[in-house]
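The values are calculated or read from the model by the stated rules, or taken from the named source; none is laboratory data. Everything quoted here is computed from the prediction, not taken from an experiment. With ideal geometry, Cβ positions are generated from the backbone for all residues, glycine too; neighbour counts draw on all protein chains shown. SASA here: full protein model, heavy atoms, side chains in, ligands and nucleic acids out. Shrake-Rupley method; radii C 1.70, N 1.55, O 1.52, S 1.80 Å.
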Amino acid sequence: MVMRTFLVYALVELTVLGVLTWSVGLGWTLLILLATSVVGVALAGSQVKRQILRLQRTRTDPQGAVADGMLVALGTVLVFIPGLVTTAVGALMLLPPTRSMVRPLAGMLLTRGIARRVTVVNLTAPGYASRGDFIDGEVVEEQVYGRVHEANIVPRSNIQPRF
């Protein structure tokens with residue numbers, strides 16, 4: 001699976017570079033690659049600092065801040081991976097307006113990924129139907145009258161640790 005993903009990544013990046021070089025020339029392609037890398041790194045640095053400050057200040061809605069923090073981290077990683085497509089996608093994840101549009105998609109993909117990897121465990125015995133939302137048991141009410149030593153209560157200082 002990892003090898004297939006890397007192969008698709010390499011093919012997409014090479015195709016984009018080939019088409020860009022064919023359409024604007026090698027010099028402009030190299031200039032575009034350099035410009036997207038510089039802009040991506042500058043954007044990553046500013047957004048990482050801003051996100052760390054936001055995470056430190058956020059007390060009311062930590063979910064949005066944590067989701068944005070994860071998207072900023074992913075965008076930063078994508079900016080540093082060589083290639084025009086990954087740098088552009090990473091830069092889009094670093095911009096706050098596009099990050100708010102990507103957040104629901106990222107949540108859906110994360111949920112699907114977790115659901116695919118987590119198995120559901122059925123704790124009921126085979127052939128035993130669930131009886132509802134209660135626990136079968138017995139309530140025993142007992143009052144202990146007397147002094148503490150008569151109830152077999154051992155003070156904490158008398159308990160010896162076991163190693």
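Numbers at a glance
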quantity	calculated
Cβ-Cβ FRET estimate between VAL48 and LEU109, R0 fixed at 25 Å, reported to 0.05	0.65
VAL77 accessible area, assembled protein chains, probe 1.4 Å, Å²	80 Å²
Stretchable slack from THR15 to LEU31, in nm (0.36 nm times residue separation minus alpha-carbon distance)	4.0 nm
Accessible-area composition of the stretch 76-119, carbon plus sulfur, in percent [1.4 Å probe]	78 percent
